[in-house]
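Data first, discussion second: the structure below is written as C-alpha cells.
The values are calculated or read from the model by the stated rules, or taken from the named source; none is laboratory data. Since the structure is predicted, the reported quantities are computational estimates derived from the model, not experimental observations. Reconstructed Cβ throughout: ideal geometry from the backbone, glycine too, with neighbour counts over all protein chains shown.
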Amino acid sequence: MKVCGIIVVFIFIGIHSIAQQFQSADTRAILGAGIALNSANIIEENPASTLKISNKYIGIGQQNDFGMANLNSFQFAIAIPLAHQAYGFAFHQNNFENLTSQRFCLNAAVLIQENIRFGLSLNAIRSKFANEQASINFIPEIGFIYERKRGISWAVHLLNLEINDQKNQIPSAVRIGLNQQINEQIVLCAALCLSKSQAYLLKAGLSYELNSSISIRAAIASASPFLGYGIAYKKTRIVYWLSNNHHFFLGNSPAIKINYAF
C-alpha cells in the first residue's frame, strides 16, 4: 500500500507539473515553438513578443488536460502596445483535486534598436494544497527577439534566474527560437529548449493563414506532448482559437481562446 501511495503521489506531481505550464490555445497549437512570433498571451511566451502586436488586446482562455474533468486551467491577459514600448498583465489559475495555483505576471517590452526587442516579465506563483498554508514563488523572465532581413527572426527566452525563495523547485531554463517568414501567409518555427530537469527538447511548427478569416497551426516535438494543432476563425476584431495537444500515453489536452483587439 505504501508503494502504491508513493506511485500515486508521483503521478499526481507529474501531471500537475505538466498542466501548470499553461499555454493559450494559439501557442499550444504550435507547441510553444513560436518563440520569435508576436504574441500578447504574456504567460508562457517570450517577454519581448508583446512589442509588435498591432492593437491593444484582451484574451480569455481555458484548457483541459488529458480529458480529466478536475484538471483544468483558466487564463486572462491584457496587452497594450505603444510606439516603442509595450505593457501587459496576465492571470492564470490551475486546479487539480485539492491543489490550486494562481500565477500573476507583469510584462514590459521595449524596442532597443529598429530590429532588436527586449522584454522582462515577473511572475508571482501562489500554490495551495487542501488546508495547508499557501506558498509563493517569484520567477523572472527575460526575452530578446532579433529580426534579420529576408523574414528571419532569432529569439532567446530565459526564465527563472534563481532569485526565488525555493530555488530547487522550479528549474532554470532557456529557450532558443528561429522563425522564417516564407511569404505573407506562411511562417516556419523551430525551438530548442534546455533546462535542468530535461536535457533538451526540440520543436518545429508551421503557421499558415488560409485567408483573412481562417488560420491553422501545427507542430511536432521530440518529447511529449508530441503533436500540436489548432485552427482560428477571425471576425472583425474577435479571434476564436481551438487547439489540441496529443500525448501518446495521457491522451488529448484541448484548449479554447477568445481574443479581442481594440
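Would you mind finding the one in S224, S253, S207, S243 that is outside any strand (DSSP E or B) and under 18 Å from the mean Cα position of the chain (by Cα)?
Working: S253 fails: outside any strand (DSSP E or B); S207 fails: outside any strand (DSSP E or B); S243 fails: outside any strand (DSSP E or B).
Residue meeting the stated conditions: S224.
Looking for something acidic (D, E) and surrounded by fewer than 15 Cβ atoms within 10 Å (Cβ to Cβ) - is there at least one such residue anywhere in region 84-100? Yes, region 84-100 has at least one match.
The residue of region 118-132 that is surrounded by the most Cβ atoms within 10 Å (Cβ to Cβ), among those that are free of Cβ contacts under 8 Å to residues at least 24 places away in the same chain and part of a loop (DSSP other than H, G, I, E, B), is E132. Residues of region 123-142 that are at pLDDT 90 or above and either of a type in the set (S, T, N, Q) or in contact with a Phe, Trp or Tyr (Cβ under 7 Å, 6 or more places away or on another chain) (or both): N123, A124. Residue count for region 104-117, restricted to those that are free of Cβ contacts under 8 Å to residues at least 24 places away in the same chain and under 15 Å from the mean Cα position of the chain (by Cα): 2. Residues of region 87-103 that are without any contact (Cβ under 8 Å) to a residue 60 or more places away in the chain and either out of contact with any helix residue (DSSP H, G or I) (no Cβ under 6 Å at 6 or more places or on another chain) or of a type in the set (K, R) (or both): Y87, F89, A90, F91, Q93, N95, N98, T100, Q102.
May I ask you to verify whether Q62 is in a strand (DSSP E or B) and over 20 Å from E141 (Cβ atoms)? So Q62 fits the description; yes.
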